[in-house]
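Okay, so here's the structure we're looking at.
Coordinate-derived values only; no laboratory data. This one's a predicted model, so the numbers in the text were calculated from it and none came from an experiment. Cβ: placed from backbone, ideal geometry, glycine included. Neighbour counts: every protein chain shown.
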Amino acid sequence: MANILLLDNIDSFTYNLVEPLRNQDNKVLIYRNRAKIEIILKTLQTLKNPILMLSPEPGLPQHAGCMLNLIKTVTGSIPIGICLGHQTIVEAYGG
C-alpha cells in the first residue's frame with residue numbers, strides 16, 4: 001500500500017487515476033492545485049513514504065496553481081507527473 005498525495009489540476013482525467021490506485025489498496029489524498037503549499041507540505045510530512053503525484057490538465061505549467069512552486073519546494077524528492085504534471089516538473093528544473 002502506498003500513500004499518495006495527488007495534486008488535482010481540475011481535470012476530468014484525475015479521477016480516472018484515482019479509482020485504479022484506490023482499487024489496489026493505496027491511500028490517495030486529493031488536493032486541488034489552489035491549495036496552500038504549506039498545507040500540502042504538512043500533509044506530506046504526516047504520511048509514511050509519501051508519493052507526490054501531479055495530475056494532467058490542458059493548460060500551461062505557469063497556470064497550474066501552486067504546482068510549479070510546490071515542485072521547487074520539494075526539491076530532492078521525485079514527484080510523479082502525468083501530462084501537465086510532467087511538463088511542470090521539467091519547467092521547475094529549467095527545461
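Working from Cα pairs under 8 Å separated by at least six residues, relative contact order for region 55-95 is 52 percent. Summary value for the chain: 31 percent relative contact order, contacts being C-alpha pairs under 8 angstrom separated by 6+ residues.
Computed from the C-beta positions of Ser77 and Arg22, the FRET efficiency with R₀ = 22 Å rounds to 0.50.
Computed about the Cα centre, the dipole magnitude for the chain is approximately 320 debye when only Lys and Arg (+1) and Asp and Glu (-1) carry charge, each at its Cβ.
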